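Scroll down for the structure; my scribbles are underneath it.
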Amino acid sequence: MTDAVRIAMWSGPRNLSTAMMRAFENRPDCAVVDEPFYAAYLAATGLEHPMREAVLASQPTDWRAVAAGLLGAVPGGRAVFYQKHMTHHMLPGFGRDWMLACRNAFLIRDPAAVLRSYVARRESVTLEDIGLPQQVALFDAACDRLGVAPPVLDAADVRENPEGALRALCVALGISFLPQMLRWPPGPRGTDGVCAPAWYEDVYRSTAFAPPGEATAHVPVALAPILEPAQACYRRLAEFRLVVA
């Protein structure tokens, strides 16, 4: 294993996670990987997701092989290795020891906004699909291991003040902030997961973090049984959100 700074960023879907990956990839010192446990998650659960077969063919389906890759040589020999992870991909049977070599951080977003964005692309959704219970569990485990809370960044803070939010995150992670993180060229990347065409169309058009949107996201009444526990998980994590100046 090299001495690169390995950043494991844990979020649920529709949490500004791909735009955050773009910000880090635009650093000249940083390599990125996009949802490396996705194929292992699909293989273990048998779930039907968009472009399932393509995902299964594109990545290792054994979590051990994925973990070994995350701890191995960093692509391009870069000094920083940013790993975009979905919390729901980290199934109970998947080992966690590899996380000890990473600086773990957590990206959160108001669940009302998450749900509204998610159901625009998939008709059905469960609490576990948006990964909040799993995110809380991973966060609590990190707190127990470190003795302090790891960095928690709220997507709303990123959209309100991108430079302040990214500066705060970089300080918390022990790396320098670089202005290149604030803008990036539009379009797809070779590092995007193969399912990107099903999910990343807005990011393809972007060149920076989008400004704040509407204050309250409308969520269908039918999703209330999901929204309420999701909000409880979000509030638990938001207690530790980074202070953005």
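Throughout, read-outs are computed from the coordinates displayed, never taken from laboratory work. All values derive from a computational prediction rather than experimental measurement. Cβ placement follows ideal geometry from the backbone for every residue including glycine, while neighbour counts extend to all protein chains displayed.
Could you give the length gained on full extension between A222 and Y204, defined as 0.36 nm per residue of separation minus the Cα-Cα distance, in nm? Please list the in-between numbers first.
Values: separation 18, 0.36 × 18 = 6.48 nm, distance 3.10 nm.
Between A222 and Y204, full extension yields an extra 3.4 nm.
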Per principal axis, largest first, the Cα atoms of the range 11-151 extend in Å by 41, 37, 32
In Å, the Kirkwood estimate of hydrodynamic radius for the range 84-218 over Cα pairs equals 16.9 Å
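Return the FRET efficiency for the residue pair R183, C143: r is the Cβ-Cβ distance, R0 is 51 Å, and the value is rounded to the nearest 0.05.
Once the sixth-power term is evaluated, E becomes 0.90.
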Residue-ordered couplings for the range 34-49, obtained by feeding phi - 60° into the Karplus form 6.51 cos²θ - 1.76 cosθ + 1.60 and rounding to whole Hz (Gly and Pro as x), are 10, 6, x, 8, 4, 5, 4, 5, 5, 5, 6, 9, x, 5, 8, 10
Candidates for P(r) over Cα pairs in 10 Å bins from 0, in percent are (1) 7, 27, 36, 20, 8, 2, 0; (2) 7, 33, 41, 19, 1; (3) 8, 34, 40, 15, 2, 0, and the calculated one carries label (2)
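Please give the length that would be gained between L100 and H49 if that part of the chain were fully extended, namely 0.36 nm times their separation in residues minus their C-alpha to C-alpha distance (nm, one decimal). Let's see the in-between values first.
Details: separation 51, 0.36 × 51 = 18.36 nm, distance 2.98 nm.
Contour length minus Cα-Cα distance gives 15.4 nm.
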Subtracting the Cα-Cα distance of R122 and D3 from 0.36 nm times their residue separation yields 38.8 nm
The long-range amide H neighbours of A4, using H built 1.01 Å from N in the peptide plane and a cut-off of under 5 Å, are none
Rounded to whole Å, √(5λ) for the Cα gyration tensor eigenvalues of the range 1-42, largest first, gives 19, 15, 8
HN-Hα couplings for the range 13-28 via Karplus (6.51, -1.76, 1.60; θ = phi - 60°), in whole Hz with x for Gly/Pro, come out as x, 6, 10, 6, 5, 6, 4, 5, 4, 4, 4, 6, 5, 6, 6, x
Here the range 140-155 yields Karplus 3J(HN,Hα) values (6.51, -1.76, 1.60; θ = phi - 60°; whole Hz; Gly and Pro given as x) of 4, 5, 5, 4, 4, 6, 8, x, 9, 6, x, x, 10, 10, 8, 4
Percent relative contact order for the chain, counting Cα pairs under 8 Å at least six residues apart, stands at 28 percent
Reduced to Cα centres, the span from the range 75-147 to the range 203-245 in Å works out to 15 Å
Highest mean packing first, using Cβ neighbours within 10 angstrom, the peptides 198-208, 101-111, 76-86, 60-70 sort as 101-111, 76-86, 60-70, 198-208
